[in-house]
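The values are calculated or read from the model by the stated rules, or taken from the named source; none is laboratory data. Small disclaimer: the values here were computed from a predicted structure and weren't measured. Counting neighbours? That spans all protein chains shown, and the Cβs are built from the backbone with ideal geometry, glycine included.
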Amino acid sequence: MKRTTARRLPVLAFAALPVLGLTGCGSDPKIVGATGASAPAVTATEDVVSGVAKSEAAAGLLPEEVRKAGTVKFGSAFGAPPGAYYPDPATKKAAGIDIDFSDAVAKVLGLTVQREEAAFETILPALGSGKYDVGTGNFGVTTARLKTIDFVTYIDDGQGFAVKKGDTALQPVTDLVQLCGLTIGTGAGTTFESTLNSKKGVCADAGKKPYDVRAFSENGALLTAVQQGRVDVQMSTINGLRYQAASEAAGVRFLSEFHRLDVGFAFAKGSKLTPAFQAAVNQLIKDGTYDRILKKWGVTDSAIKESQISPPEHP
């Protein structure tokens, strides 16, 4: 619900900090949530996946060629917790919600994950070319994306805003008109960026100065811009911003949710993998693994009752 060019965190002073992931959700926004940020108690090394058992019923839904190959190719965008990141960049061992759900679904289906890190904006086009079977990166289900992409949902996330800690001038954003005259930072190539750019006319309609959108390809660069006051407000995933705000070192305040979105595994339109992945996610919900993953990453508010294939975008 991000997650953008969602890349791994640069090895800087913020390397161990839960900086927001620039993975992408987004579309025509509407307020739905409350303000505030709760500090998640996360143990990135906690194993909640290894005990997952194969489901013959779910695996039986796979195309025969996939069952025989025994592997599934993931194109994955990396950014920061809780989506997908490297707790220790030196070891390159991945962690995060996307990682746990990908690995758990693969175990249910009796498959081995072949994961390749990729820039966020390159993943969806690569699904159509066959480079990857599945894409992950906090891909929100939007009307625009549904034209060319199929999704199997596994969490509910979406759009949110945050500001520099101590900045009390901006209140929870219920209308983009509130941002007129401000500088907004977001991830390059995300639907956050496209939403903001497509709605700039709201300021002219209200007789106000337009807001300025600045897109960043690196997580650390955006955080620094907020900390230094070069960006007035940042827009990203709800879960990513809450994580960031929960860290005193980040120096930001979660402002508000804006628009909730289903988040799912992404597939080329018409992929024959979607029924098996849907069955696998629902099996994880049934056996309790699903709840354990959400609790591990402190995002139980993002739970869904059941997985769906390409549902319509949230109103």
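What the table shows:
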item: Evaluation of residue 116 against (1) assigned to a strand (DSSP E or B); (2) crowded, with 18+ Cβ neighbours inside 10 Å (one fails), failing number; result: (2)
item: Positions within the range 259-315 being closer than 26 Å to residue 161 by Cβ, among the charged types (D, E, K, R) and touching a strand residue (DSSP E or B) at 6+ places or on another chain (Cβ under 6 Å), in sequence order; result: 260, 262
item: Unique residue being of a type in the set (A, V, I, L, M), under 16 Å from residue 97 (Cβ atoms) and buried (at least 22 other Cβ atoms within 10 Å of the Cβ) when the list is 303, 266; result: 266
item: Subset tally (residues that are surrounded by fewer than 20 Cβ atoms within 10 Å (Cβ to Cβ) and basic (Lys, Arg)) for the range 288-300; result: 2
item: Residue match in the range 234-241 (condition: in contact with a helix residue (DSSP H, G or I) (Cβ under 7 Å, 6 or more places away or on another chain) and among the hydroxyl-bearing types (Ser, Thr, Tyr)); result: yes
item: Strands (runs of 3 or more DSSP E) contained in the range 127-196 and holding at least 2 residues modelled with pLDDT of 95 or more and over 14 Å from the mean Cα position of the chain (by Cα); result: 149-164, 183-187
item: Selection count where residues are among the small types (Gly, Ala, Ser) and either in contact with an Asp or Glu (Cβ under 7 Å, 6 or more places away or on another chain) or in a loop (DSSP other than H, G, I, E, B) (or both), scope the range 215-233; result: 3
item: Members of the range 270-303 found to be in a loop (DSSP other than H, G, I, E, B), within 23 Å of residue 47 (Cβ to Cβ) and of a type in the set (A, V, I, L, M), listed by number; result: 299, 303
item: Residue 280 touching a Lys or Arg at 6+ places or on another chain (Cβ under 9 Å) and either surrounded by 15 or more Cβ atoms within 10 Å (Cβ to Cβ) or of a type in the set (A, V, I, L, M) (or both); result: yes
